[in-house]
1. Sum up the charges of everything whose Cβ sits under 13 Å from the Cβ of Gly35, counting Lys and Arg as +1 and Asp and Glu as -1, but leave Gly35 out.
2. Which chymotrypsin sites (Phe, Trp or Tyr not before Pro) in the range 1-96 pass both tests, a DSSP loop state and at most 13 other beta-carbon atoms within 10 Å?
3. Using Stokes-Einstein with the Kirkwood hydrodynamic radius over Cα pairs, what translational diffusion coefficient do you get for the range 9-80 at 37 °C and a viscosity of 0.692 mPa s, in µm²/s rounded to a whole number?
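FYI, it's all coordinate maths here, none of it is from the lab. Source: prediction; values computed, not measured. Note: ideal-geometry Cβ built from the backbone for every residue, glycine included; neighbour counts use all protein chains shown.
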Amino acid sequence: MELSGYTRSSARLDATFAALADPTRRAILTRLAKGEASVTDLAEPFAMSQPAISKHLKVLERAGLISRGRDAQRRPRRLEARPLRDATQWLEHYRQFWEAQFQRLDALLHGLQTDGLRKRAKRMGTATQKTRRHARLAQIPHGAKNAWSE
């Protein structure tokens, strides 16, 4: 199924998010953010084989998140920032959208709260008037005539 408007950049974003979905791959990226590392160095903190780490590295390489260097016999991996920047820009668009939605919700809730306080104050004022009237009536001696007893 081909989606309208689906571009190569969309495919790169898909690959980036798919690669980031795995906690082991995220941990590898965190380690590479500190600097280059060999496959052996990257495999060290994990309880998995070097071939398993290599599979994770291939996913990260296909997504463009890491690259392989060449240093004599070593092939250190390094972090590539562009795919992360692209993902961050894509997410920023939606962060701004949701920020605007939350601001609208805050304004609505503030308005409802203000209206609720006004209505409550009005009810309290009405209740206070009734209480005062009852207090005045209670002060009238039982035998006395008043406007309501006629």
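1. +1
2. When the chymotrypsin sites (Phe, Trp or Tyr not before Pro) of the range 1-96 are filtered for loop state and at most 13 Cβ neighbours within 10 Å, Tyr6 remain.
3. 268
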